[in-house]
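What follows is a single structure, written as structure tokens, with notes after it.
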DNA sequence: ACAAATTTTTAGCTTTGCCTAAATTTTAAT
DNA sequence: ATTAAAATTTAGGCAAAGCTAAAAATTTGT
Ligand SMILES: [Mn+2]
Ligand SMILES: [Mn+2]
Ligand SMILES: [Mn+2]
Ligand SMILES: [Mn+2]
């Protein structure tokens with residue numbers, strides 16, 4: 001597989017997960033930042049190689065083999081993202097571009113040992129699950145923090161209220177996108193939460209918790 | 001720079017160091033595992049980009065700019081080799097192929113942080129020096145262990161005597177290619193050496209020491 | 001010095017991945 | 001049911017990086 005083929009397969013995988021129908025030529029072109037005619041060319045090649053199912057004008061879906069391939073690339077991408085954040089002090093939002101390159105390095109041993117070096121992580125810095133070597137992985141869902149069950153852990157991936165006062169509050173309390181947060185306990189009385197973030201326990205109101213999105217596993 | 005251009009520049013650098021004259025088309029072709037006609041094509045392109053000095057039929061040398069580029073690729077290659085050995089438990093002889101790919105990843109921050117993560121290593125697993133960010137590096141030389149001055153450290157890169165008994169001896173004493181060895185002290189009496197290898201001190205005869213090659217810095 | 005051998009370059013073709021412009025098919029609107 | 005719009009494919013080209021075969025330059029051997 002060439003680098004370009006791998007990128008196409010990965011994009012078809014990501015686009016396909018949303019609709020569950022077949023993926024359109026134009027949507028691929030948009031994500032690949034290329035022209036629809038180029039996409040058609042590539043789709044034909046992928047189809048001949050048995051990576052996708054394709055009928056003219058009817059869009060494209062991944063074959064079994066194509067899905068396996070996609071998951072292996074996603075696995076590599078997310079492992080490298082973990083590496084960049086955990087080992088090289090990259091921040092949450094700097095990793096994508098580099099991982100986009102690293103995901104194409106060919107060496108099975110490299111991926112296995114990287115996985116081990118990182119302690120077999122389950123999720124990447126964006127809270128997305130990392131497929132196992134044989135392509136299995138837990139689904140992740142996005143939830144408001146106040147709806148996360150006690151005991152669960154997730155990655156902070158967004159805010160509902162993006163007003164300056166709220167953002168300032170988050171900043172003051174050192175809560176940032178990409179942080180891992182786990183819910184320790186919930187007060188019945190006012191719905192306020194005890195959470196653990198960066199190894200410290202803090203107490204936040206329901207109002208705060210209902211404006212923070214977490215991505216959690218399962 | 002494309003991946004291919006980078007590989008050519010690096011090969012021209014390595015070939016040029018030996019002779020100090022200009023590098024021949026055929027020698028590049030051999031190292032690149034490609035045909036001389038392809039090399040001529042590439043040389044023209046590199047010449048137009050100012051990376052090499054080229055006159056038809058006269059071979060090629062790196063320009064100032066080409067040398068800087070080559071050193072940056074060599075730096076990346078060797079840093080990744082250190083990473084693979086030190087962090088991912090690769091052995092000495094497994095790293096080259098993977099580093100050949102990793103050296104082309106484009107991200108200045110990645111290289112800087114990798115360097116830091118590895119503790120700013122001076123030499124790679126083969127004993128070759130790692131150029132600094134601005135292209136400076138110590139020269140390395142190959143010496144028989146018994147000729148290495150006290151206090152110096154080097155990487156075991158070869159044997160003079162490759163007879164089974166000697167190799168068996170090395171194996172039994174856990175001395176292998178790629179190991180870092182430093183000379184602690186030398187006995188005047190019999191020329192035997194106290195060396196440190198894998199954090200343990202051992203005592204070896206002059207006969208052993210005069211059959212092991214070390215690559216040392218400066 | 002000069003023919004032979006070797007090295008290097010040129011010419012012409014191939015593949016990959018991309019492009020524009022034109023044709024075709026599908027979908028949406030009246 | 002037509003027609004208009006949008007999506008998709010085809011046709012024809014281009015640049016990168018490679019190849020083979022043939023031509024040209026350089027080097028070598030006598
Ligand atoms: Mn990619
Ligand atoms: Mn991610
Ligand atoms: Mn390379
Ligand atoms: Mn090396």
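All of the numbers you see were taken from the coordinates with simple rules; none came from a lab. Treat the numbers as computed from the prediction; the structure is a model and nothing was measured. Ideal geometry is used to build each Cβ from the backbone, glycine not excepted, and the neighbour counts take in all protein chains shown.
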Evaluated at 25 °C and 0.890 mPa s, the Stokes-Einstein D of the protein assembly as shown based on the Kirkwood radius over Cα pairs, in µm²/s, stands at 95 µm²/s
With axes computed from alpha carbons, what is the tilt in degrees of helix A:36-48 against the longest principal axis of chain A, rounded to the nearest 10 within 0 to 90? 70 degrees
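Averaged over its residues, how many other protein chain Cβ atoms are within 10 Å of peptide A:118-131's Cβ atoms? Mind showing how you got there, number by number?
On the way: counts 0, 0, 0, 0, 0, 0, 0, 0, 0, 0, 0, 0, 0, 0.
Per residue, the number of nearby Cβ atoms from other chains is 0 on average.
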With chain A reduced to its Cα atoms and the Debye formula applied, log10 I(q)/I(0) at q = 0.08, 0.12 1/Å amounts to -0.36, -0.74
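Which FRET efficiency value, to the nearest 0.05, is calculated for residue A:2 and residue B:57 with the Förster distance at 45 angstrom and r the Cβ-Cβ distance?
On the way: r = 35 Å, r/R0 = 0.79.
E(calc), rounded to 0.05, equals 0.80.
Using alpha carbon coordinates only, what is the Rg to Rh ratio of the range B:140-217, with Rh defined as the Kirkwood radius? Please list the in-between numbers first.
Values: Rg = 11.2 Å, Rh = 12.2 Å.
Over the Cα atoms of the range B:140-217, Rg/Rh equals 0.92.
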Tilt, helix A:64-86 to longest principal axis of chain A (alpha-carbon atoms), in degrees rounded to tens, equals 40 degrees
Using a simple spin-label model with points 7 Å from Cα along the Cα→Cβ vector, what separation in nm is obtained for residue B:198 and residue A:166? 5.8 nm
Quick one: if you stick a label point 7 Å off each Cα along the C-beta vector at residue A:206 and residue A:89, how many nm between them? 4.2 nm
Cα long-axis angle, helix B:3-19 against chain B (0 to 90 degrees, to the nearest 10): 60 degrees
Give me P(r) over the range A:3-62, computed from all C-alpha to C-alpha distances, binned every 10 Å, as integer percentages. 25, 66, 9
Contour excess over end-to-end distance, with Cα ends at residue B:65 and residue B:147 and 0.36 nm allotted per residue: 25.8 nm
Extending each Cα 7 Å along its Cβ direction at residue B:96 and residue A:188, get the distance between those two points in nm, one decimal. 7.0 nm
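Contour minus end-to-end for residue A:30 and residue A:47, with contour as 0.36 nm per residue of separation and end-to-end as the Cα-Cα distance? List each step's numbers first, then the result.
Numbers: separation 17, 0.36 × 17 = 6.12 nm, distance 1.99 nm.
Net length gain for the segment: 4.1 nm.
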